[in-house]
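Below you'll find the structure, written out as structure tokens, and then a few comments.
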Amino acid sequence: MNVLSRNGWRVAGLALLVGVMALLAFVAPTGLWAAGDTVVVNGGFENGTNEWKCKLCNLSTGSPAQSGAAAQMTTTKTSGRAQLMQNNIVLQPDTTYELKFWAQSNKGEDLQVTLLKQSSPYTNYGIKTQSFDVTQSGQEFTVTFTTTGFSQPVSDARLRFRADKGKGKVYSIDNVSLTADGSPPPPPPPPPAGQDEI
């Protein structure tokens with residue numbers, strides 16, 4: 001085989017490799033690649049408070065926890081609602097996700113959860129201010145939802161935990177995960193009998 005033939009095979013091999021990579025890049029946004037993998041970073045708070053921000057609150061890690069360490073959020077304002085949040089979360093459009101977290105409140109007060117665009121106009125991305133009845137003993141919560149509000153993959157999602165109003169409330173939050181299940185969302189219901197589809 002002469003040098004020209006070898007170079008031709010190398011060029012063909014490189015073109016094939018580029019084609020496969022382009023195909024993978026095209027397939028990845030469907031959400032299948034993320035199945036089973038959490039898109040939340042440091043959801044178990046084993047790396048301290050890295051990747052998390054706290055507004056109107058003091059944030060540390062320790063116990064009580066579901067396992068290891070947990071976020072300890074102490075509210076600091078009487079009139080405002082403290083917020084624990086993580087930004088820059090990557091989401092796929094029209095994809096079913098499962099949010100799981102463990103939470104405890106020192107006074108058994110509710111906790112609100114929202115998944116939204118992290119900047120104006122703060123579009124709802126699938127969970128809109130859902131309240132959870134957090135107890136003093138702590139428990140795990142699970143929410144299944146389908147992403148909404150965008151048609152292409154995004155990397156600007158914010159997961160936000162919001163406390164009740166008041167100062168000195170303490171919430172423990174642990175093992176936060178947000179995973180895609182890899183299956184398409186359910187089809188829309190058929191139109192009522194006797195009506196044409198628009």
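The values are calculated or read from the model by the stated rules, or taken from the named source; none is laboratory data. On a predicted model such as this, the values are computed, not experimentally measured, just so you know. Don't worry about glycine lacking a Cβ; one is built from the backbone with ideal geometry, like all the others, and counts go over all protein chains shown. Accessible surface areas use protein heavy atoms only, side chains included; no ligands, DNA or RNA. Shrake-Rupley method; radii C 1.70, N 1.55, O 1.52, S 1.80 Å.
For the pair residue 46 and residue 132, the difference between a 0.36 nm per residue extended length and the Cα-Cα distance amounts to 28.6 nm. Whose amide H sits under 5 Å from the amide H of residue 156, counting only residues 5 or more places off or on another chain, with H placed in the peptide plane? Sorted by chain and number, the residues that satisfy this are 91. Taking amide H as placed 1.01 Å from N in the peptide plane, residue 141 has its amide H under 5 Å from the amide H of 101, 102, 103, each at least 5 places away in sequence or on another chain.
For the listed peptides 150-158, 67-75, a ranking on the average number of other beta carbons within 10 Å per residue, highest first, reads 67-75, 150-158.
Using 0.36 nm per residue, how much length does the chain from residue 142 to residue 79 gain when fully extended, once their Cα-Cα distance is taken away? Don't skip to the answer; put the middle values down first.
Working: separation 63, 0.36 × 63 = 22.68 nm, distance 2.90 nm.
Fully extending the segment from residue 142 to residue 79 adds 19.8 nm.
Counting only protein chain heavy atoms and rolling a 1.4 Å probe, the accessible areas of 160, 81 rank, largest first, as 81, 160. Coupling constants for region 143-150 follow from the phi torsions by the Karplus curve (6.51 cos²θ - 1.76 cosθ + 1.60, θ = phi - 60°), and in residue order they are 10, 10, 8, 10, 4, 8, x, 7 Hz; glycine and proline get x.
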